[in-house]
Amino acid sequence: MGLRAEIMRKAAGVDGHIVLAEGADPRVAAAACELARRDIAQVTLLGREAEVRAAIAAAETELPERGVELVDVELSPRREAYAEAYAERLARKGGTLEDARQALLNPLFFAAQQVASGDADGAVMGAANTTADVLRAAIRVVGTAPGTSIVSSSFVMILPDLGAGERVLIFADCAVMPDPTAAQLAEIGWGAVQTWRSLLAEGPRVAFLSFSTKGSAEHPLVDKVREATTLFQNAHPEVPADGELQLDAALVPTVGLKKAPGSRVAGDANILVFPDLNSGNIGYKLTQRLANATALGPLMQGLRRPVQDLSRGCSASDIVETAAITVLLSHGG
């Protein structure tokens, strides 16, 4: 069984609950119905009821008898309790209860508060809103995880089966942090490890990537990757990790043995931490387009509870897949 099918199977066994914030979008409405029909998750679908039902009709599907709750945020009986909970966070920066009430008229903020309050395992949104809007709601309402200072992302890259089974890698960060510091790179690596552990049984092996391998070049950019590696290794000695490594040294056993003899991960890495957003974004798109790999994500990392940002070009099946992954992330796999 391939990873994508395994994700669906495992999510169906968890009895998860996902909130989808953009119920007036036919893709989102179709995904909600599919998630419920396949028992992958219970769904709260946000939006004015007439608009949501129109979206369901436009998607040429039908609302299942159970498993999907339609919620109009303006009419929800939970709105006041959510506003009071959010107001506690806003108060730290001078915000008021009325500010919270107004914010929760935005379905992105309402969905994030539903997750923050524990009434849903995770939120999936962004089909009709920008990444900036999604992250703003997630960070302001849900907040970052303890010990984490940033929100980053990863992609699960599934390379085609060429006779030896599909190969799965995680690439991070490819969507959020433009120029992370060494400390932030170490956090990105740890977030990717947690994502890996939620989705796969095989142990994580982390490579911090550079244009240099073990001193083959000297440059401040290389120094940053070396420092990130040291920070990660000191914080998480139980996780095999190494750097700085060039991509071929990280992935090709013969090259890894030659360039980084004695390394715990060279030639066998399954998590690749890119030094900046330029390299990460280019790297995942090259792999997707030239190697015909499947890219699942971006998956947000570093939040206290899962909130996922969709591409605005996503399909209904993309939303279903992301929701299933979010269920597993919320339950630690």
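The values are calculated or read from the model by the stated rules, or taken from the named source; none is laboratory data. Please read these numbers as outputs of a predicted model, since none were measured by experiment. When we count neighbours, we look across all protein chains shown, and the Cβ atoms used for this are built from the backbone with ideal geometry, even at glycine.
Miscellaneous remarks
- Sole residue being closer than 25 Å to Glu6 by Cα, among the acidic types (Asp, Glu) and in contact (Cβ under 8 Å) with a residue 24 or more places away in the chain, chosen from Glu69, Glu34, Glu62, Glu51: Glu34
- Residue selected from the stretch 297-322 under the condition in a helix (DSSP H, G or I) and not hydrophobic (A, V, I, L, M, F, W, C), by the criterion nearest to Val193 (Cα to Cα): Thr322
- From Ala241, Ala266, Ala235, residue being surrounded by fewer than 18 Cβ atoms within 10 Å (Cβ to Cβ) and in contact (Cβ under 8 Å) with a residue 40 or more places away in the chain: Ala235
- Subset of the stretch 237-264 (residues that are under 18 Å from Leu159 (Cβ atoms) and part of a loop (DSSP other than H, G, I, E, B)): Val252
- Index of the failed condition, Val141 passing every other in (1) under 29 Å from Leu3 (Cβ atoms); (2) assigned to a helix (DSSP H, G or I); (3) touching a helix residue (DSSP H, G or I) at 6+ places or on another chain (Cβ under 7 Å): (1)
- Across the stretch 67-84, the qualifying residues are those that are under 21 Å from Asp25 (Cβ atoms) and charged (D, E, K, R), and the one among them that is surrounded by the most Cβ atoms within 10 Å (Cβ to Cβ) is Asp72.
- Restricting the stretch 118-129 to residues that are farther than 13 Å from Cys314 by Cβ and either within 14 Å of the chain's Cα centre (by Cα) or polar (S, T, N, Q) (or both), the residue that is surrounded by the fewest Cβ atoms within 10 Å (Cβ to Cβ) is Asp121.
- Every residue from the stretch 269-303 that is of a type in the set (Gly, Ala, Ser) and touching a helix residue (DSSP H, G or I) at 6+ places or on another chain (Cβ under 7 Å): Ala269, Ala293, Ala295, Gly302
- Residues that are hydrophobic (A, V, I, L, M, F, W, C), touching a helix residue (DSSP H, G or I) at 6+ places or on another chain (Cβ under 6 Å) and either outside the structural domain of Ala112 (by TED's automatic domain parsing) or crowded, with 24+ Cβ neighbours inside 10 Å (or both), drawn from the stretch 304-319: Val307, Ile319
- Failed item in (1) in contact with a Leu (Cβ under 7 Å, 6 or more places away or on another chain); (2) closer than 15 Å to Val168 by Cα; (3) touching a residue at least 40 places away in the same chain (Cβ under 8 Å), with Tyr284 passing the rest: (1)
- Residue in the stretch 85-105 that is touching a strand residue (DSSP E or B) at 6+ places or on another chain (Cβ under 6 Å) and crowded, with 24+ Cβ neighbours inside 10 Å present: no
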